[in-house]
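Written below as structure tokens is the structure these notes are about.
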């Protein structure tokens, strides 16, 4: 059987290890002169990321401002509201996202729209968002390079730090769609397992189940190919072993590190091989029933 066509996209730089959040300032400085922070509602402070990250930005001489705060899976309304109030000065901006998959998706979407949509009010911003989502609106492309993104996950599950899309929902119109472009892959992913220790048991379980589902689906996808499959073969046993260990003992540093690593690999694999039926059903369950994404995938 001949090789199917394939494409490999992933962050060009990946930093893994305890305490690496302190390097974010140095890494961001290679991509710009000022930082826009996008954070989770509680994860930025609760994860322990705030102090070392801000100290690193100061040491690197990077001014920063918090431009958006995620309160769950990003919606069209939330994204449009954030887009409408972004600062007009976008020269030399690096977007740093610290949080779970929803936070990173919000940051990737803002970074892309900031360079592809003219300054506008919230109503015009909503139209601009919908027009660029897959399957709704006009499906306009992301034609200009987004602002560079440095992604710092505080949960181990979605792999959003490795993917080219941002999942956006619209409860009013009952859909969940992606903003997608190879240009949206973060420039840097900083994987610091120390930041996942404050996650609730429910978050660990839901995110971990999402990770396992992504590893399985991408491995058997019709678009599967050898390189992502090789990564999955290494990461899947680690995830299967690590998830129950983290649930039993959140202080198990080795298990948290293994799960964070596996989540990143799940993002690389799904981004290059695709997913399957479980994620299609999970999207519908999320829109219609409000089921948490990881739980919906596992069901």
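Please treat every number below as a calculation from the coordinates, not as lab data. What you see is a predicted model; the values in this text were computed from it and never measured. Heads up, the Cβs are rebuilt from the backbone with ideal geometry, glycines too, and the neighbour counts pull from every protein chain shown.
Quick notes on this one:
- Once you reduce segment 193-253 and segment 94-154 to the center of their Cα atoms, the two points are 26 Å from each other.
- Percent of beta bridges antiparallel (DSSP, the chain, rounded to nearest 5): 20
- In nm, spacing of pseudo-spin labels at residue 198 and residue 90 (7 Å Cα→C-beta vector): 3.1
- Three-way shape label, segment 13-196, alpha-carbon gyration tensor, a/c 1.5: prolate
- Ordering 35, 240, 204, 150 from the fewest to the most neighbouring beta carbons within 10 Å gives 240, 204, 35, 150.
- For the listed peptides 242-255, 205-218, a ranking on the average number of other beta carbons within 10 Å per residue, highest first, reads 205-218, 242-255.
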